[in-house]
Amino acid sequence: MGHLSWIFVSTVLVNNFTLVMFLGLCSFFGVTGKIETAWRLGLANTFVLLLTAVSAWFLNAYVLKQTPFLRTIAFIVVIASAVQIVEMAVKKYLPVLFRQLGIYLPLITTNCAILGLALFQTSRNYTLVEALVFAVGAGLGLTLALSLMASIRERTELTDPPVVARRMGLVLVIASCLSMAFMGFAGMGSAE
Amino acid sequence: MTAVATAPTKADTPPFEPGAPPPATLIQDIWRGIGKENPVLVQFLGMCPTMAVTNILANGFAMGVATTFVLTGSGLFVSLFRKYVAHEVRITSYILIIATFVTLADLLLAASFPDISKALGPFIPLIVANCLLLGRAEAFAAKVGPVRAVADGLGMGLGFTLSLSALASFREILGRGTLLGHPLFGPRFEPWVFLMMPPGGFFTLGVACLVVAFAIEWRKKHAVRRV
Amino acid sequence: MPLAFDFRHGVHPPEEKELTRELPIRRMPYPDELVLPLRQHAGKPAKLCVKVGDHVERGDTIAEADGFISVPIHASAAGTVTAVEFWPHPDGSYAEAVRIAVDKYAAQVPRPRIVPKWEGLTTEQVVKAVQQAGVVGLGGAAFPTHVKLAPPKEYAVHTLIINGAECEPYLTSDHRTMAEYPDRVLFGIRVMMHAMGVKKCVVGIEKNKPDAIAAMQRAVPKDLDVEILPLTVKYPQGAEKMLIKAVTGVEVPSGKLPVTVGVVVQNVGSVAAIAEVFETGLPLIERIVTVTGHGLNKPQNLIVPVGTKLRDLIAYCGGVTPDAAEVILGGPMMGTAVANLDAPVVKGTTGVVVLAKHETRGETVYPCIHCGRCLDACPVFLNPSHLGDLARVGRYDEMTDAHLADCMLCGSCAFVCPSNIPLAQLFQASKAALRRVPAVTT
Amino acid sequence: MTAVTPPRLIVTASPHVKAADSTPKIMWHVVLSLVPVIVASAWFFGISALLVIATSTVAALITERAVGKGGTLGDGSAMITGLLLGLTLPAGMALWMVGLGAAFAIAFGKAVWGGLGQNVFNPALVGRAFLQAAFPVAITTWPRVGGPFMELKGDLFAMPFLHPVTNAITSATPLGLLKFEGKGTELMGLVIGNTGGSVGETAALVILAGGLYLALRQYLNWRIPVSIFITVALFSSILHLVDPKKPDALFMLFSGGLMLGAIYMATDMVTSPVTNKGKWVFGFGIGVLVVLIRVWGGLPEGVMYAILFMNALTPFINRATQPAVFGSATRLAR
Amino acid sequence: MSAPAHVHGGGAAPVPGKMTPAWRLLATLFVAGALSGLLVVAVYRATLPAIQKAAAAKVAGAVREVLKAPASWDTLYLVNDALAAKPPAGTDPGELPKAYVGKDQFGKRIGIAVVGEGPGFQEIMQLMIGFDPATGALIGIKVVDQKETPGLGDKIENDPTFLGQFAARIAPVIGVKDRAGVPPNQVQTITGATISSRAVIKVVNTTVARWQELMRRYDKGETP
């Protein structure tokens, strides 16, 4: 249990997927000042992360044992397919949810956070339960980072930054500051 | 040339493809990725590796070379098969091609430079998820001949490598006081550890963006003055 | 009733009322010329019914009401109509106005007229009489008073609230009216309660007017259920919704009129004007104006004929001091600064304040530091800081979502703003911008 | 006969009068209230403390002049950033690092965002977090309290880019002692301030007095420090009751940068919530994070990171704690 | 490679007026999959020896370092919580935890080298630990993988005096700020990197304890 909670805390705060591991930056920088969008994107991401964690785990355990060199290809293809199946299923059976999350699902396929999760859980030899905790933590961490970025940008959209900072400069400085703020969590859980 | 004269030549060219890139010389195709459409500093594509591996120059450079390899290889293959790939499954096919080349890059790197391969870890396989690759395949390689596709891939790759190397050099020089592992400033140099850490990654790219934006503004201002 | 006699938030601007608080109301002599704009009230402007060269007696109708939400305008003095032309209006624009050269040697006695006997009149007749007399809200908004006397039938009005708060700094006209003419005010209340069939009336007076409170309390007749309620001294205590909250503890729902909670609010001055109609038969041709300010030599409370030019009024009050900088019609919180002293006193002019340079707002505007003082000041619980940010970048639609419509432009936010951001002005401009762009129907 | 018309009639929008406070006035009062803290720092750490604070302030002002919008030195905000950054650094820190930190604070904590009022993170803390990340050893080398006034507490004048050669006697902060060696510190020392630590954070009483002055003059919002203190006290008391080895509430309150952070950093108007409810939430969040990081984190002190993290949440808190409008359905339902 | 083909063949939304027959879609993907598979397998075959050699050299180097240059070593495999000299059939020897039992030139056991891991300041750290299972005396330690703060926490890897002092200490060791005298169970932590130092000590202690027990049982003849 202690191990699982360490994985969780470490993934959400200490090694936040976006702010420390640099995964899923496209959506992180692409997110505008709309918190609702960030939440939905985060939620959709978490969902896909969970899906990926499970499918990647089974792939590793039963299919890729003898052919580890096919991992990258297998993961990306399976993730893409899984997302597409889910997209269709959600569209058919949960149209309300689809309207909220649907447009993000295809984007997520090429989100490096998803593939990164699969690769990291493989290289760390996580069990299925650990992988699930890892996925939830990663999703939560992504959602947190996205929401923080969105709410800060909501504010900076009302301000008047210098011309040179308007395009990406300020966004990267924000990311840097956020990343610094997360440095305070370093060592959490290993200090005892 | 008048419109009448162009009509027959049009029939000889391949069927019109919407969004096909305008014709250009090979040099232009290569130069585009380095300058005006620099994937890192202008288009902000492939940010994850840009920041994750640029803490030292060797890693940044290796990542750049690996990406260039994948860009060129996948560009070539996408372009070669562009007429045979059905429209409905093209993205899947592109991903398959890209993933293949990424795997090749991963294996080759692990065989030749095991230390760098270990340092880059999962970020080599993660090249698959770099939007730059799918973007170039879809927007360029799938619409032009193999030579141009390779040129474009090479250009984009060079632009990527150069930007990554520049960022990585900055981070390594100030963050460690070394370049490619060689100490530059002697033993009393105080490294700026900040640049080695995640916020330093965001910061370095941020500064690069500010500098690029400043240069653009400066040129704009001076262009106006000249007029 | 959790927070009676008070409302939450609000500000405490310096009162500055001691300049004129003790000065009895005096009558100003007629100036040489009067200028009567046809637009002096909320609603449709009056319709002109005299022509150049006509001789008018004091109290003669010179323009008629145009519809129900409109009132006639009467000549404030005997004289000759010399022109009907565009003239500087107190709101800063130019508006059609009737110029009357005052007959210097006239006795200024109004034509004999029938004084209506209020006891026998129905609601409709009282409303008609009040409209004919041109009475409007004298608190500043100049909304025709008779309209309020005839609230929609679906609402049962149970309480009449008389606004004697006079929360604007400097102004003392309502204060002096209540202190000097309490009987007239109470007579007006009696007529109104009769007309509206209301059994209960509360007069809210800020506690900084003890003499007015005492005078009113002494004058309350035994047969009327009138309560004189001392209120906390705070701006904007005199705002309609704040006053209702302070008196009844009920909040008027956002976007609704006070009648929805069974309350009608009238200003003290308007009530006194109604009383005048049923005492003397005279229409609203003069009003009590506080002429004051640290930039003025002789501050006074004056009965001023409507249409008197500010130049004449200020000259009568001894002119301005060398450091006078800004002339304001109304109170300094919500009044408008005038650029042209030829603009006349109109029915809604509660006071004329001449501010000295050191009292005016500085010119430097700093960036918003999000100190949150405006949130603590806003009586309607808006977030002026956020609204200000939105206004600056022109995101008016989002301002609507942030309840801009509830803003009553009281200026509390701008008053407390340490960065000197003209929030009230921004909001006024945003409201105007939103009115110009009709909502897109989806 | 006096003039009827004023010589120059100005026409402004209403309201035409204004409360006496202005933004520069608030800022300069904060500066004023920091004077005793600076004096206390000089008392404990001598000339070194003054050198650090002066360097930081001068560097901040120069940077503001260079990259700011122009004419913004007079509002006093750059001065505050410089002073506060200096107060959070150890007395023996090489001055080139101090100056660099201050420049970073102004350039990337403020100017890039658009200047005063537009930044989301407290600039002084951005500068300090940068220094903490860039020079982790230098910023955690705490000189010992006391000694002759003119004594240099470290290699203050190390050449830029070179690391200081320090031979000064160092000590540990109370929090460091507790975390790494399991040793406690006398409460009296914490309250008075003769313990190791940043130049301006040790004298808890002086800081409290400054905060009280500002709170009484309404130049800081008392809700933030009070909610931080309450949260830290309650949370750490509970932990102390469960496990007596964990520090008690008084130690938590008076050690480290909590006082300085709660009173001067967290209350920065620009980077804290505007709503009163939001201020309580903000303070609560800082309190919880401080205890979490101090007790379970890898670092001995977490006030800076707690405040930075809550700064990041501030736009969100603002959004979530909008007051209900007068007469709105939510208010009427109550 | 056909599984994804099914999915996508069925999933692609047909464009009205431009229908591609399903067999073409499948064929496209099949050809692409086959080609890429061929390519990957070929390169994998070609590079495998080099990769394996590099990995083996790395392990060998680490073992040599932490056991202070043993003459030779045997490999034991951990299967089902017990050690075995040979990996059981059907398991992948590359995935099993291993102990390298070092011997001197006379074939006498001088100690074992094992990999231990645990949470560091930021991430999991991996150490190769050489020790004498009989006494718990440490022989040498090498950091295999760590992501500690550069310039500070990474001194656990780069500062030879820190790792060097573990030699000849007896596990379990404790970390102190200033080592007083020569108690055999104390090591001095790195100033400014106390947490990382302690993480190393923790990993050393838990790893030694675990493998001491495993070795004891192995020596008694227990097999999986």
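For residues that are at pLDDT 90 or above, assigned to a loop (DSSP other than H, G, I, E, B) and on the phi < 0 side of the Ramachandran plot, scanning just the range C:412-442, find the one that is farthest from the other protein chains (Cβ to nearest Cβ).
Once the filter is applied, the top-ranked residue is C:Ile421.
I need a count of the residues in the range D:206-247 that are open to solvent by less than 50 Å² (accessible area, probe 1.4 Å), under 30 Å from D:Lys183 (Cβ atoms) and assigned to a loop (DSSP other than H, G, I, E, B).
3
Any chance you could count how many residues in the range D:288-334 are within 12 Å of chain A (Cβ to nearest Cβ) and either in a loop (DSSP other than H, G, I, E, B) or among the acidic types (Asp, Glu) (or both)?
So the count comes out to 6.
What residue, among those in the range B:70-126 that are of a type in the set (S, T, N, Q) and open to solvent by less than 40 Å² (accessible area, probe 1.4 Å), is nearest to E:Ala55 (Cα to Cα)?
Within the range B:70-126, the match that is nearest to E:Ala55 (Cα to Cα) is B:Ser117.
Do you know which residues across the range C:32-60 are in a strand (DSSP E or B), within 22 Å of C:Lys309 (Cβ to Cβ) and open to solvent by 10 Å² or more (accessible area, probe 1.4 Å)?
C:Glu33, C:Leu48, C:His55
Pick out the one residue from D:Val295, D:Val290 that is touching a helix residue (DSSP H, G or I) at 6+ places or on another chain (Cβ under 8 Å) and buried (at least 24 other Cβ atoms within 10 Å of the Cβ).
The unique qualifying residue is D:Val290.
Taking the criterion of being without any contact (Cβ under 8 Å) to a residue 60 or more places away in the chain, crowded, with 24+ Cβ neighbours inside 10 Å and within 19 Å of the chain's Cα centre (by Cα), would at least one residue in the range D:67-76 satisfy it? Step through it out loud before you land on a result.
Taking the range D:67-76 as the starting set, the residues that turn out to be without any contact (Cβ under 8 Å) to a residue 60 or more places away in the chain are D:67-76.
Okay, now just the ones that are also crowded, with 24+ Cβ neighbours inside 10 Å, so D:75.
The next check asks that each one be within 19 Å of the chain's Cα centre (by Cα); those that pass are D:75.
Checking the range D:67-76: at least one residue is without any contact (Cβ under 8 Å) to a residue 60 or more places away in the chain, crowded, with 24+ Cβ neighbours inside 10 Å and within 19 Å of the chain's Cα centre (by Cα).
Quickly run through the range C:315-336 and pick out the residues that are open to solvent by 10 Å² or more (accessible area, probe 1.4 Å), outside any loop (DSSP other than H, G, I, E, B) and within 9 Å of chain D (Cβ to nearest Cβ).
Once the filter is applied, which keeps residues that are open to solvent by 10 Å² or more (accessible area, probe 1.4 Å), outside any loop (DSSP other than H, G, I, E, B) and within 9 Å of chain D (Cβ to nearest Cβ), the range C:315-336 yields C:Ala315, C:Thr336.
Open to solvent by 60 Å² or more (accessible area, probe 1.4 Å), at pLDDT below 85, part of a strand (DSSP E or B) and within 12 Å of chain B (Cβ to nearest Cβ) - does that describe any residue in the range E:16-23?
Within the range E:16-23 (the criterion being open to solvent by 60 Å² or more (accessible area, probe 1.4 Å), at pLDDT below 85, part of a strand (DSSP E or B) and within 12 Å of chain B (Cβ to nearest Cβ)), the answer is yes, since at least one residue qualifies.
Would you check if D:Val126 is away from chain C (no Cβ under 14 Å) and open to solvent by 20 Å² or more (accessible area, probe 1.4 Å)?
No, not satisfied.
Can you name the residue in the range A:157-170 that is more than 7 Å from chain D (Cβ to nearest Cβ) and in contact with a Gly (Cβ under 8 Å, 6 or more places away or on another chain) and is also surrounded by the most Cβ atoms within 10 Å (Cβ to Cβ) among such residues?
Top of the filtered list is A:Met168.
Is one or more of the residues making up the range B:196-209 within 13 Å of another protein chain (Cβ to nearest Cβ) and surrounded by fewer than 21 Cβ atoms within 10 Å (Cβ to Cβ)?
Yes, the range B:196-209 contains at least one residue that is within 13 Å of another protein chain (Cβ to nearest Cβ) and surrounded by fewer than 21 Cβ atoms within 10 Å (Cβ to Cβ).
Could you grab the pairs with beta carbons closer than 7 Å, sequence gap of 6+ or different chains, first residue in the range A:143-172 and farther than 19 Å from D:Phe316 by Cα, second one aromatic (Phe, Trp, Tyr)?
Once the first residue is farther than 19 Å from D:Phe316 by Cα and sits in the range A:143-172, its partners that are aromatic (Phe, Trp, Tyr) give A:Pro161/D:Trp113; A:Val164/B:Phe214; A:Met168/B:Phe44; A:Leu172/B:Phe202.
Can you tell me which residue within the range B:106-133, out of those that are within 15 Å of A:Leu115 (Cβ to Cβ) and within 11 Å of chain E (Cβ to nearest Cβ), is modelled with the lowest pLDDT?
The extreme case among them is B:Gly121.
Just one of A:Ser179, A:Ser151 is within 7 Å of chain D (Cβ to nearest Cβ), assigned to a helix (DSSP H, G or I), open to solvent by less than 20 Å² (accessible area, probe 1.4 Å) and under 26 Å from A:Ser10 (Cβ atoms); which is it?
After ruling out the rest, the residue left standing is A:Ser151.
State whether one or more residues within the range A:79-99 are modelled with pLDDT under 80, more than 14 Å from chain B (Cβ to nearest Cβ), under 15 Å from A:Ala44 (Cβ atoms) and surrounded by 21 or more Cβ atoms within 10 Å (Cβ to Cβ).
no
Kindly evaluate D:Ala60 against the criterion of being buried (at least 18 other Cβ atoms within 10 Å of the Cβ), within 18 Å of the chain's Cα centre (by Cα) and under 26 Å from C:Ser419 (Cβ atoms).
yes
Report those strands (runs of 3 or more DSSP E) wholly inside the range E:61-138 carrying at least 1 residues which are of a type in the set (Asp, Glu) and open to solvent by less than 70 Å² (accessible area, probe 1.4 Å).
E:72-79, E:124-132
In the set A:Val14, A:Val63, which member is among the β-branched types (Val, Ile, Thr) and under 20 Å from B:Pro198 (Cα atoms)?
Answer to the check: A:Val14.
So which residues in the range B:170-223 are assigned to a loop (DSSP other than H, G, I, E, B) and within 25 Å of the chain's Cα centre (by Cα), if there are any at all?
B:Leu180, B:Gly181, B:Met197
Every residue in the range C:373-411 that is buried (at least 22 other Cβ atoms within 10 Å of the Cβ), in a loop (DSSP other than H, G, I, E, B) and in contact with a helix residue (DSSP H, G or I) (Cβ under 7 Å, 6 or more places away or on another chain), please.
Matches in the range C:373-411: C:Cys378, C:Pro379, C:Val380, C:Leu382, C:Asn383, C:Cys407, C:Gly411.
Between a first residue in the range C:122-150 that is surrounded by 18 or more Cβ atoms within 10 Å (Cβ to Cβ) and a second residue that is in a loop (DSSP other than H, G, I, E, B) and among the polar types (S, T, N, Q), which pairs have beta carbons less than 6 Å apart while being 6 or more apart in sequence or on different chains?
Short answer, once both residue conditions are applied: C:Gly140/C:Thr350.
With the condition kept exactly as written, say whether any residue in the range B:38-48 is part of a helix (DSSP H, G or I), open to solvent by less than 20 Å² (accessible area, probe 1.4 Å) and at pLDDT below 85.
Taking every residue of the range B:38-48 in turn, at least one turns out to be part of a helix (DSSP H, G or I), open to solvent by less than 20 Å² (accessible area, probe 1.4 Å) and at pLDDT below 85.
Can you confirm whether the range D:254-266 contains a residue that is assigned to a loop (DSSP other than H, G, I, E, B), closer than 26 Å to C:His9 by Cα and within 14 Å of chain A (Cβ to nearest Cβ)? Steps first, please.
Keep residues of the range D:254-266 that are assigned to a loop (DSSP other than H, G, I, E, B), which gives D:255-257, D:266.
Imposing the further condition that a residue be closer than 26 Å to C:His9 by Cα reduces the set to D:266.
Then drop every residue that is not within 14 Å of chain A (Cβ to nearest Cβ), which leaves D:266.
So far as the range D:254-266 goes, yes, one or more of its residues are assigned to a loop (DSSP other than H, G, I, E, B), closer than 26 Å to C:His9 by Cα and within 14 Å of chain A (Cβ to nearest Cβ).
Of a type in the set (A, V, I, L, M, F, W, C), in contact with a Lys or Arg (Cβ under 8 Å, 6 or more places away or on another chain) and closer than 19 Å to D:Leu253 by Cβ - does that describe any residue in the range D:148-165?
No, there is no match, as no residue in the range D:148-165 is of a type in the set (A, V, I, L, M, F, W, C), in contact with a Lys or Arg (Cβ under 8 Å, 6 or more places away or on another chain) and closer than 19 Å to D:Leu253 by Cβ.
Kindly indicate which of A:Trp57, A:Trp6, A:Trp39 is in contact (Cβ under 8 Å) with a residue 12 or more places away in the chain, within 11 Å of chain E (Cβ to nearest Cβ), in a helix (DSSP H, G or I) and aromatic (Phe, Trp, Tyr). Break it down into steps so the answer makes sense when it comes.
Details: A:Trp57 fails: within 11 Å of chain E (Cβ to nearest Cβ); A:Trp39 fails: within 11 Å of chain E (Cβ to nearest Cβ).
After applying the criteria, what remains is A:Trp6.
Would it be correct to say that D:Gly92 is in a loop (DSSP other than H, G, I, E, B) and touching a residue at least 24 places away in the same chain (Cβ under 8 Å)? Break it down stepwise before answering.
Numbers: in a loop (DSSP other than H, G, I, E, B): yes; touching a residue at least 24 places away in the same chain (Cβ under 8 Å): yes.
Yes.
The values are calculated or read from the model by the stated rules, or taken from the named source; none is laboratory data. Quick caveat, the model's predicted, so the values are computed rather than measured. As a convention, Cβ positions derive from the backbone with ideal geometry for all residues, glycine included, and neighbour counts pool all protein chains shown. Please note that ligands, DNA and RNA were not included when accessible areas were found on the heavy atoms of the full protein model with its side chains. Shrake-Rupley method; radii C 1.70, N 1.55, O 1.52, S 1.80 Å.
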